[in-house]
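Participant: Questions regarding the structure given below will be posed in turn.
Read the figures in this text as sums done on the coordinates, not as results from a lab. Note that the coordinates shown come from a computational prediction; the quantities given were computed from them, not determined experimentally. Here the Cβ positions follow ideal geometry from the backbone for every residue, glycine too, while neighbour counts run over all protein chains shown.
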Number of protein chains: 2
Amino acid sequence: MWTFNNFPAEKVRAKYGFSPDKAWLDKVRLSSVRLTEGCSASFVSSEGLVLTNHHCASTCIQQISSARKNYSANGFYARTEGEEVRCPEQEANVLIGITDVTSQLVEATKGMADKAANDARKAGIARIEKACATSDRIRCEVVPLYGGGVYDLYKYQRYQDVRLVFAPEFDIAFFGGDPDNFMFPRYDLDLTFLRIYENGKPLRTGHYFPVSRSGPKVEELVFVSGNPGSTNRRNTVSMLETQRDLITFRKLLYLAEYRGLLTEFQTRGEEPKRISQDALFTVENSLKAYTGEEEALLDERFFARKRGEEREFRKRVADDPALERKYGKSWDEIAAAEEKHRQLWLAYQFVEKLYGFQSDLYRHARRLVRMAGEYPKPNGERLAEYTDARRPEMRQALLSAAPIYPEFETETLTWSLTKLREALGPDDPFIRKLFADRSPREVATGAVRGTALRDVAARKKLMEGGKAALGASHDPMIELAELVDPYAREIRKKMEDEVESALAINEENLAKARFAVYGKSIYPDATFTLRLTYGQVKGWEERGRAVPPFTNLGGAFERATGRFPFALPESWLRAKSKLNLQTPFNFVTTNDIIGGNSGSPVIDRNAELVGLIFDGNIHSLGGDYWFDSALNRAVAVDSAAILEALDKVYGAGRVLEELRRQ
Amino acid sequence: MWTFNNFPAEKVRAKYGFSPDKAWLDKVRLSSVRLTEGCSASFVSSEGLVLTNHHCASTCIQQISSARKNYSANGFYARTEGEEVRCPEQEANVLIGITDVTSQLVEATKGMADKAANDARKAGIARIEKACATSDRIRCEVVPLYGGGVYDLYKYQRYQDVRLVFAPEFDIAFFGGDPDNFMFPRYDLDLTFLRIYENGKPLRTGHYFPVSRSGPKVEELVFVSGNPGSTNRRNTVSMLETQRDLITFRKLLYLAEYRGLLTEFQTRGEEPKRISQDALFTVENSLKAYTGEEEALLDERFFARKRGEEREFRKRVADDPALERKYGKSWDEIAAAEEKHRQLWLAYQFVEKLYGFQSDLYRHARRLVRMAGEYPKPNGERLAEYTDARRPEMRQALLSAAPIYPEFETETLTWSLTKLREALGPDDPFIRKLFADRSPREVATGAVRGTALRDVAARKKLMEGGKAALGASHDPMIELAELVDPYAREIRKKMEDEVESALAINEENLAKARFAVYGKSIYPDATFTLRLTYGQVKGWEERGRAVPPFTNLGGAFERATGRFPFALPESWLRAKSKLNLQTPFNFVTTNDIIGGNSGSPVIDRNAELVGLIFDGNIHSLGGDYWFDSALNRAVAVDSAAILEALDKVYGAGRVLEELRRQ
């Protein structure tokens, strides 16, 4: 997961005889796209056509569907430019510059204690980002790398007009469903084509990846350019214990119960099934991923290894008096912060991070309440997501035209309020204030029934009216958010002042110690920023049996049972005789990826797109904590399958011609 | 948790100045009742009246309810003997004898290797139990104590005609609901009166506990006589790791999801809510208990302590050449068996232990299939639950008149089949055979719709017809059970041959080593057999604050919000002015109890019943692994509250007079 400004080209040359030069790296960077909801993508034409995963666009696909037009079930294909439909909440970014701002932030926090330094750092970041973001079309983010050893300013072109061009049916995009998720062999056409517009016209893109007709070969060198979300490979043992014993454990219990609720909600009928599908998919995906992560953490051998590495690192620091003096206490200070972290986490997760408020309406209400509270403050003193540089995405989220379904909102809010009461206990003063004599269902029903926030225009008016308009509205969802907000802010402030600030300074110290002891020969933990990894198309050994690196289209027909999640769509059954069943369908590579890389292009040394990342194998789930090159594999759709399906199954001539023109 | 044949009377005398003699112990034992579904109880009159918890009778209460008579919501009171209603599946046992059979079993397995010894031990147990159970009214069980260091034969009087006499409303029996479960202060009237019948008449009981009018005093010495289900305090570290990393972890994920499903099923309407309430209660209770257990296991300090104890014990064994030769390898052999255990557990739990088949109809089908397969075999070669000594409870379960609801069965079977497929994976040969091209819903719906097993007479006929009748029936639920049975047996046999047998011999060895090193001064792990514990009525300190040992009736009115689970029943609101609100309601004691002790009498030195155990506090959840006398508390209903409520709230004169007559 190398950053583009520290790519080890020489290493790659030594191993594979190919050395990416600056021009190659620039072209790849400018052809790569970040989807801000948590995915990656890439340009595949000069007319703004973008390729990503179906599961990266599934929220959009559901949002533009209705009871009568179910694009998730039936797929979507815009036969003309005019038929391309705008996604209500999608934003796309292209990385146009990286600047090191470490010294500015070091200067701003010099000699300060933890909490003051944390506040000053935040103000400094807000200032740097604001100066960089000269218009709404530029997005700027200061990114702490190596746990704060380095701060780089990432500057993006920002695009908020993203439209849906083509999506296959859910049944082939996610063929095998939850049972096959994170598994291989696999047979998924997990793709969607989007198009970026600028000023109402398709974006002219100077850089893009031509789509290869043949896909990659076995053992071929391939690169993945994308935005891995986060990894925790440098975490100390005490941080890992918090994850294992509290955070991942509690999240799993929450998600498992939510999954059961959604599963049963789906049986209410076709429309309830449709409107809850994206939520269920997301929950199931997270649940499977967290389960794998927790199992990695529960593995005694893994933990012994982490303990051993930490012991060795501490010893190396202790052996050098200068290092010991500067950094020797960091582990214990992190452990002390983790104690606090454990005490605060449940309330933080349920109140501030919204585990207790599963509702789009509530999220809108909170945005309005916080906008009215934050925007009048000086930029450097606001909650991070309300600084000036962040206004465009906040506005886009609030004014999203995505439909909201009260029946579903009532169920999920009722349930999550019940979980909130369970987490904090019925005798907690905040819980007593929130519920008084009311049940979770009464609170939820009252707020969902009485609110006007389903209406975009109403939200816009409240946004423009600020505090006065909110007060006058007597909207029950707003009132709920206002009731919660002081406690949410209090717990967040505690978390920032007592945990985050101590972690920031001590992780920064450990980063410096690590540079001193081990050098900069490793890449930083993932930060949902653009990274480039190299690897090979290659299978692996599973309990003594070789898993081959490729599947083909014919395998999908062999695996099909006709029943979800192993049902092929009608379109595929009809097209079977026309298809070349030998066409490679999915393949695996040794590239180091993680959640956030979904939708990343797999490219060859000519910067042609040979595949589309959509998953990792089951061993990739430990990748949060370490990369095991023997077993961890990225899973991709072969470009040959993409072209074959567009042609023979979907007759998507307009897309195909656009790809071929390049 | 002392056995009645090894009670440390001298220790009690030294500490409290009271020494229970043989007559006292016999009286207490014969006044104590075991409810075979997993609870404890006691006689409180000479006419077979039995006191237990509401949650111990809730399955019965739901089974005899209907859409029009909801005894769970509204309570139940038989104004005459004729109105007492028989529970379809309840069995009650009174312990009438304990005999040491260790030497017989040691003789039977002498010089044999693990697997052969395991088979021989089972055959020996079947033989001993059959010889002991001279009629259907005698139940005999060989109980391995100290992990097999001692085998005792427990002989019970068996009663299968148990009738409901009185139950309060669910809302007061379980006031505070899941949020207050395992918590204190508490305000629950968690009781039910049952009556045991013999030959159609109330049982004449020679021994019973008079119910105290005043309840216990602070710091008073009290005893709890009941049947703790199981503890794992002697487990080795490798056994605990299997619990922590696999078994409890996976059970939690399963139960959390099931809870979500049931929660949403409840919203379908009043009748779905009623029929799923007992299942939801059970799941929530297990979930909270397992969560506490898992948190104990995840506590690094706890694990370090267990590791330390094991190191110390191993060292003591290693230091004695004779002990080392005989027992020194046991830990490593257990660890090797645990490796196997981990490989087999998922399939075993989902297929043999029915996590994959949540359905009463399926359970009936499996009973029929296995009865037909097992009963023709020699007694010593059968699956343990199909030996001759076990016939009466198998017959009772199969011929239960409890209603079965197809709508609910379809949902729970569909869901659990989905979990089964998830656990084993869609490519597992058994899964492929079970589902072929069908979805879990198709399998479930087909079997539930087509089966005749809802009808008791149909089940009886199939039972009597044996294999031939099953084959001729073409009943789809029977066919499903027949399809599953060979694999279920295969995985069970592997578990018995490769795990259980090695654990049995090595746990037995460790028990002997423990006797040699530490003596017999500790009580054995719980085995759902009668135990007597002594302790005091006493609060505890929680984060520096004292928790007083008693609550009173007035506290319930203060806590009430009018909304479930904090809603008091109408009957209580109406009676408020008549009640003495100072009456003690619930209290805590230092007695060492665990699940299975629910419904146990709390008695004073005069063998008067002063309370009724119904829960433990949150610290009791670690009690599976060690007993922490500073924090672990048992929670009981005060006998004074029982009498006050029967009188002033329920006007239950018939019960009250029967209690007062004693």
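Participant: How long are the three semi-axes of the equivalent ellipsoid for chain A, computed from the Cα gyration tensor as the root of 5 times each eigenvalue, in whole Å, largest first?
Facilitator: The answer is 37, 33, 25 Å, longest axis first.
Participant: Taking just the C-alpha trace of the protein assembly as shown, give me its Rg and Dmax in Å.
Facilitator: So, for the protein assembly as shown, Rg and Dmax equal 33.3, 99 Å respectively.
Participant: Next question. Which net charge results for the neighbourhood of residue A:284, defined as the other residues with beta-carbon distances under 9 angstrom from its beta-carbon, given Lys and Arg at +1 and Asp and Glu at -1?
Facilitator: Summing Lys and Arg as +1 and Asp and Glu as -1 gives +1.
Participant: Arrange the following residues from fewest to most other Cβ atoms within 10 Å of their Cβ: A:505, A:593.
Facilitator: By the 10 Å Cβ count, ascending, the order reads A:505, A:593.
Participant: Among rounded, prolate and oblate, which fits the range A:488-534 when a ≥ b ≥ c are the square roots of the eigenvalues of its C-alpha gyration tensor, a/c under 1.5 means rounded, and a/b larger than b/c means prolate?
Facilitator: It is oblate, given that a/c is not under 1.5 and a/b is not larger than b/c.
Participant: Related question: What fraction of the Cα pairs in the range A:231-319, stated in percent, has a spacing above 19 angstrom?
Facilitator: Value for the range A:231-319 (Cα pairs over 19 Å): 53 percent.
Participant: Which distances in nm, rounded to one decimal and ordered from shortest, link the label point of residue B:493 to the equivalent label points in the other identical copies, with labels set 7 Å from Cα toward Cβ?
Facilitator: Taking the point 7 Å beyond Cα along Cα→Cβ, the inter-copy spacings are 6.9 nm.
Participant: In addition: Sum -39500 (n - 2.57) across every DSSP H segment of at least 4 residues in chain A, then divide by the residue count to get the 222 nm mean residue ellipticity, nearest 500.
Facilitator: So the calculated ellipticity at 222 nm is -14500 deg cm²/dmol.
Participant: Another one. Let a ≥ b ≥ c be the square roots of the eigenvalues of the Cα gyration tensor of the range B:93-147; is it rounded (a/c under 1.5), or, if not, prolate (a/b larger than b/c) or oblate?
Facilitator: It is prolate, given that a/c is not under 1.5 and a/b is the larger ratio.
Participant: Please list, in order, the residues from the range B:441-475 whose amide nitrogen is less than 15 Å from a point placed 7 Å along the Cα→Cβ vector of residue B:391.
Facilitator: It comes to B:463-466, nothing else.
Participant: List, shortest first and in nm to one decimal, how far the label point of residue B:230 (7 Å from Cα along Cα→Cβ) is from its counterparts in the other copies.
Facilitator: 3.8
Participant: What is the Cα convex hull volume of the range A:520-662 when expressed per residue in Å³?
Facilitator: 153 Å³
Participant: Is the range B:43-110 best put as rounded, prolate or oblate by its Cα gyration tensor, with a ≥ b ≥ c the root eigenvalues, rounded for a/c under 1.5, and otherwise prolate when a/b is larger than b/c, oblate when not?
Facilitator: prolate
Participant: Determine the alpha carbon to alpha carbon distance for each of B:115/B:155; B:110/B:512; A:340/A:493; A:306/A:329; A:353/A:493 and list only those over 20 Å.
Facilitator: B:115/B:155
Participant: Pick out, from A:277, A:248, A:238, the residue whose Cα sits farthest towards the positive end of the charge dipole of the range A:231-319, with +1 on the Cβ of Lys and Arg and -1 on the Cβ of Asp and Glu.
Facilitator: Highest projection toward the positive end goes to A:238.
Participant: Net charge within 11 Å of residue A:567 by Cβ-Cβ distance, Lys/Arg positive one each and Asp/Glu negative one each, not counting residue A:567 itself?
Facilitator: With Lys, Arg at +1 and Asp, Glu at -1, the net is -2.
Participant: For the pair residue B:316/residue A:399, report the inter-label distance in nm, with labels modelled 7 Å from Cα in the Cβ direction.
Facilitator: The modelled label-to-label distance comes out at 7.5 nm.
Participant: Could I ask something else about it? Could you list, by residue number, the cysteines of chain A that have no other cysteine's beta carbon within less than 4.7 Å of their beta carbon?
Facilitator: Flagged as lacking a Cys partner: nothing.
Participant: Then there is this: To confirm my reading of the symmetry, which residue of chain B has the Cβ nearest the axis that brings B onto A, and what whole-Å distance does it have?
Facilitator: Result for the B and A rotation: B:260, 1.
Participant: With the convex hull built on the Cα atoms of the range B:511-597, state its orientation-averaged projected area in nm².
Facilitator: Here the figure is 9.8 nm², rounded to one decimal.
Participant: Next question, about the same structure. Ranked from highest to lowest mean number of other Cβ atoms within 10 Å per residue, what is the order of the peptides B:546-556, B:451-461?
Facilitator: So the order, starting with the most tightly packed, is B:546-556, B:451-461.
Participant: Give me the net charge of residue B:627's neighbourhood, meaning all other residues with Cβ under 9 Å from the Cβ of residue B:627; Lys, Arg count +1, Asp, Glu -1.
Facilitator: For residues surrounding residue B:627, the net value is -1.
Participant: Further, regarding this structure: Once the label point is placed 7 Å from Cα along Cβ, list for residue B:312 the distances to the corresponding points in the other copies, in nm, shortest first.
Facilitator: 3.4
Participant: Ok, one more. Below 8 Å, C-alpha to C-alpha, sequence gap of six or more: please give me the relative contact order for the range B:260-374 in percent.
Facilitator: In percent, rounded to a whole number, it is 8.
Participant: So, one more: Taking a spot 7 Å from the Cα of residue A:464 along the direction of its beta carbon, which residues of the range A:397-426 have an amide N less than 15 Å from it?
Facilitator: From the range A:397-426, the list is A:399.
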